[in-house]
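Student: Following this message is one structure expressed as structure tokens.
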Amino acid sequence: MKITKIEKIKFKKNMFKVFFESGENFIVFADNIVKFGLKTGLTISENDYKKIISYNQLNEVISAALILVSKRSYSAKNLQVKLIQKGYDHESAVRAVKRLEELNYINDEKFSKNYAAYLSQKGKGEFAIKAEFEKQGIEKSLIINALESIKTDVEPYEQIIKILQTKFKKFSGKDRGEIRRIASFFLRRGFSSESISRAFREYKSISLKE
């Protein structure tokens, strides 16, 4: 297969179209031209042609992945799912994510610690954070480390009291319907029933003193 022309694509950075004597053509990234030594007049084998196409397809997926991670943080699993949803095949998505991990654009350990801190600040309890990480496909060992990283001297029941003091200032702890409603609020956020019960008792005690 003989290359007859290599043409820069307008308005697309570092992308070229390669034309062959047979009438076929394909679009390649600039680094592919360098990697495979492509130039006008060069004759390549069918096997080399397939290698170039495969390598170029991978570069395309990596480029798409880089665009995604530039907009928000992803776990490795979620980025892989997102790429597949965008129409890329499973193998290419896996290879692209692997490459981004090698370049440290994707780091599940760093992601899990940052996300745990974010969810904790949003008033999420341990169970809710753990459930969210399982959705993200984070390994159990990383989940444990992330939960450890956000532990402070503040107990879960104390965290609940702080939320009560800001979000539920009129909570009296006397009305059963109100107690059930607010308890459900904290259960949905991953706090244990024991922590909620203790927080309500302590909060009621604080209110009486005031």
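Student: Name the residues in the range 164-210 that are at pLDDT 80 or above, within 17 Å of Ile129 (Cα to Cα) and not small (Gly, Ala, Ser), would you?
Tutor: Passing the criteria: Phe185, Phe186, Leu187, Arg188, Phe191, Ile196.
Student: A further question follows. Just to be sure before I move on: is Leu142 touching a Lys or Arg at 6+ places or on another chain (Cβ under 9 Å) and either within 16 Å of Phe191 (Cα to Cα) or buried (at least 18 other Cβ atoms within 10 Å of the Cβ) (or both) in the structure I sent?
Tutor: yes
Student: Answer yes if at least one residue in the range 52-64 is more than 27 Å from the chain's Cα centre (by Cα) and either at pLDDT below 85 or closer than 25 Å to Leu83 by Cβ (or both), and no otherwise.
Tutor: Yes, the range 52-64 has at least one match.
Student: Let me ask you something else. Just to be sure, is Tyr74 within 24 Å of Phe133 (Cβ to Cβ) and in a loop (DSSP other than H, G, I, E, B)?
Tutor: Considered against the rule, which asks whether it is within 24 Å of Phe133 (Cβ to Cβ) and in a loop (DSSP other than H, G, I, E, B), Tyr74 comes out as yes.
Student: Could you grab the pairs with beta carbons closer than 8 Å, sequence gap of 6+ or different chains, first residue in the range 172-198 and of a type in the set (A, V, I, L, M, F, W, C), second one not in a helix (DSSP H, G or I)?
Tutor: From residues that are of a type in the set (A, V, I, L, M, F, W, C), the pairs are Ile179/Gly173; Ile182/Phe168; Ile182/Phe171; Phe186/Gly125; Phe191/Gly125.
Student: Another question, if that's okay. Of Lys135, Lys124, Lys130, Lys151, which residue is out of contact with any Lys or Arg (no Cβ under 8 Å at 6 or more places or on another chain), under 23 Å from Ser192 (Cα atoms) and not in a helix (DSSP H, G or I)? Please lay out each step first, then the result.
Tutor: Working: Lys135 fails: not in a helix (DSSP H, G or I); Lys124 fails: out of contact with any Lys or Arg (no Cβ under 8 Å at 6 or more places or on another chain); Lys130 fails: not in a helix (DSSP H, G or I).
Of the residues listed, the single one that is out of contact with any Lys or Arg (no Cβ under 8 Å at 6 or more places or on another chain), under 23 Å from Ser192 (Cα atoms) and not in a helix (DSSP H, G or I) is Lys151.
The values are calculated or read from the model by the stated rules, or taken from the named source; none is laboratory data. Note that the structure is predicted; figures quoted are calculated from it, not measured. Note that we place each Cβ from the backbone using ideal geometry, even for glycine, and neighbour counts take in every protein chain shown.
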